[in-house]
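Enquirer: Below you will find the structure I want to go over with you.
What follows draws every value from the coordinates through simple rules; no lab data is involved. All figures in this text were calculated on a predicted structure; none of them were measured in a lab. Ideal geometry is used to build each Cβ from the backbone, glycine not excepted, and the neighbour counts take in all protein chains shown.
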């Protein structure tokens, strides 16, 4: 029975992952798939109808994405505005995975909940090993878990992105310092970081540079970048850059100080994690290592005690 339950859980997780990937796979806003297909057929010199061009697109672009957008629009109508804004903020913090918007993500939660509950319901429909009340309760529990599964996935993406940016900041500030001391401006130094690296921090710098090129003030672009990252190190860095710009302090000196502080904080975080390791090891040791040691040490003594007491019992 437990083997069947484990198989069902694995199938549900796989189906949910496929649905999340399909729902997150949205084309870029600046790309029109129909126009791209039309240009492709025009280059080949083939004469085709618009219906044939549309049918040549992938199934996800023709069916899944329009349905997800429609469900997202419906769910957005019945969702409080505060919840929609919070979801949009979390998607920004996660780096816009799959170019999802808030309404599509809210719809994705209902889709995954329906997939979890529906698949388990079908399994119980053809299997009657449990009472009906237990099957109904289990289906409800897995449906609720499916509803919160995308939220947990988004939270993990946010934590992973923030951890990656926090880890890369000291090295990025070192490169910024070298570029500024070599004579580059701060914007050109940020562009150099975006050019040399391919991580979440360089992508954040690249977006800020594009916003500055489009006419946004540097301090506003940096503040928006800090809001999109939402970590204390980035907030401190942006505040120091804006203050140095307003007061006329040397940018290279400010960057050098910030780089040293970031490196000290990274070392302190590593030391903190090292001190937490013994406490985290207590639970696996108590659950797995200590019972095995007790069995290895006490089993021979138990056999000897049995052999010594067995003649007395006779």
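Enquirer: Mind checking Rg over Rh on region 164-267, alpha carbons, Kirkwood formula for Rh?
Expert: Ratio of gyration radius to Kirkwood radius: 0.92.
Enquirer: Going by average Cβ neighbours within 10 Å, how do the peptides 288-297, 258-267 rank, with the highest at the top?
Expert: 258-267, 288-297
Enquirer: Over the C-alpha atoms of region 212-271, what are the Rg and the largest Cα-to-Cα span, Dmax, in Å?
Expert: 12.9, 43
Enquirer: What whole-number distance in Å separates the alpha-carbon centres of region 286-305 and region 100-147?
Expert: For region 286-305 versus region 100-147, the Cα centre distance is 43 Å.
Enquirer: Still on this structure, please answer the following. Beta carbons within 10 angstrom, averaged per residue: use that to sort the peptides 270-283, 186-199, highest first.
Expert: 186-199, 270-283
Enquirer: Also, I was wondering about something else. Taking the square root of 5 times each eigenvalue of the Cα gyration tensor, what semi-axes in Å does the equivalent ellipsoid of region 201-314 have, largest first?
Expert: Taking √(5λ) for each eigenvalue gives 65, 15, 8 Å, largest first.
Enquirer: Would you kindly calculate the translational diffusion coefficient of region 132-205, applying Stokes-Einstein with the Kirkwood radius from alpha carbon pairs, for 25 °C and a viscosity of 0.890 mPa s, and quote it in µm² s⁻¹ without decimals?
Expert: 161
Enquirer: Also, I was wondering about something else. Between residue 263 and residue 296, what is the spin-label point distance in nm, taking each point 7 Å from the Cα along the Cα→C-beta axis?
Expert: Taking the simple label geometry, residue 263 and residue 296 are separated by 4.4 nm.
Enquirer: What is the fewest-to-most order of 143, 299 by other Cβ atoms lying within 10 Å of their Cβ?
Expert: 299, 143
Enquirer: Which whole-percent values make up P(r) of region 77-212 when all C-alpha to C-alpha distances are grouped in 10 Å steps starting at zero?
Expert: Result returned by the calculation: 11, 27, 22, 18, 11, 7, 3, 0.
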